[in-house]
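Q: Got a structure for you, written out below as structure tokens; questions coming shortly.
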Amino acid sequence: MSSTAADRWREMQEARGIPPEILALVPESPWKHDPKHFTAPAEPHDTPSRDAALALLDGGRGEVLDVGCGGGSASLAVADRAKLLVGVDHNPGMLEVFAADCAARGLEHRTVLGGWPEAAAEAGPADAVLCHHVGYNTVDFPPFLRALTGAARRGVVVELTGQHPMAWLDPLWVRFHGLRRPAPATADDAVAVLEELGISPRVTRWERPARLPEDPVWVARRLCLPADRVDEVAAALAEIPPRPRVTVTITW
């Protein structure tokens, strides 16, 4: 049994890896993302995470650090209260999308290529540190969280799904590979790691609109299936009803 919350997180995250014998069946990574699908909306969505970030900026023109920024949805949502947006991402294509959107909106911005916490020193501090939907990509969580805390002058806002975002695919792993996935990490597990670090965060749970089944080509790639099985995947997805998307905003 895991002795600490951090150990439990690490074990659950490592156990979610795809077995090498399945990965060997596909020519490219199933985790490949197309940056153009991560463009921030023209009008920000009104969410508890945005409210928490605006509260940190306190009506002023503060600096915002967006860790794992993707196209910048988290930071661009509060751009009208910021004098500088700093985007950090390990994917150069994501940074290109972020920078282009900032430039089109006439926003002062800077980009940092690299993972977190390795890029923390180059990114520097900011008034509000935002990190949306990156936590489940992390295995060694305490250094990641400490670096977020260390970068924040006023506070940190982390947004996560209620449980690992790929957990809904678990029945399809059984169906197509006979692979039973271990229990996924949850936002509660993330909060437990924070508390173990001596941080008592504010936690807000909310729901996004129910999501329709994903594109079968995307799902087939995630499941390490060849293109000639996309029709089978589409049939399987048709049996899955729209699912609620529990989201958790964690602030400290």
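The values are calculated or read from the model by the stated rules, or taken from the named source; none is laboratory data. For clarity, every value in this text was computed on a predicted model and none was experimentally measured. Backbone-built Cβ (ideal geometry, glycine too); neighbour counts: all protein chains shown. SASA here: full protein model, heavy atoms, side chains in, ligands and nucleic acids out. Shrake-Rupley method; radii C 1.70, N 1.55, O 1.52, S 1.80 Å.
Q: Put a dot 7 Å past each Cα toward the Cβ at Ile199 and Ala100; how far apart are the dots in nm?
A: 3.3
Q: Per residue, how many Å² of accessible area does the chain show with a 1.4 Å probe?
A: Details: 12400 Å² over 252 residues.
With the other protein chains kept in place, the chain gives 49 Å² per residue.
Q: Ok, one more. Considering the values (1) 131; (2) 123; (3) 144, which represents volume of the Cα convex hull per residue in Å³ as calculated for the structure under consideration?
A: Read-out from the structure maps to (1).
Q: Which whole-number percent is the relative contact order of the chain (Cα, under 8 Å, 6+ apart)?
A: This gives 21 percent for the chain.
Q: What FRET efficiency would be calculated for the residue pair Arg180, Arg61, taking the C-beta separation as r and a Förster radius of 51 Å, to the nearest 0.05?
A: 0.50
Q: Here is a follow-up. Would you mind counting up the charge near Ala123? Only other residues with Cβ under 11 Å from its Cβ, with Lys and Arg at +1 and Asp and Glu at -1.
A: Overall, the nearby charge balance is -4.
Q: Per DSSP H run of n ≥ 4, the term is -39500 (n - 2.57); total these for the chain, divide by its residue number, and report the mean residue ellipticity at 222 nm rounded to 500 deg cm²/dmol.
A: Value at 222 nm, helices only: -10000 deg cm²/dmol.
Q: By how many nm would the segment from Asp7 to Arg153 lengthen if fully extended, with 0.36 nm per residue of separation less the alpha-carbon distance? Kindly include the intermediate steps, with their values, before the conclusion.
A: Numbers: separation 146, 0.36 × 146 = 52.56 nm, distance 2.85 nm.
Result for the pair: 49.7 nm of gain on full extension.
Q: Within a Cβ distance under 14 Å of Val217, other residues only, what is the Lys/Arg minus Asp/Glu net charge?
A: Every neighbour counted, the sum reads -3.
Q: How large, in percent, is the carbon and sulfur part of the accessible surface of the chain at a probe radius of 1.4 Å?
A: With neighbouring chains kept in place, the figure for the chain is 54 percent.
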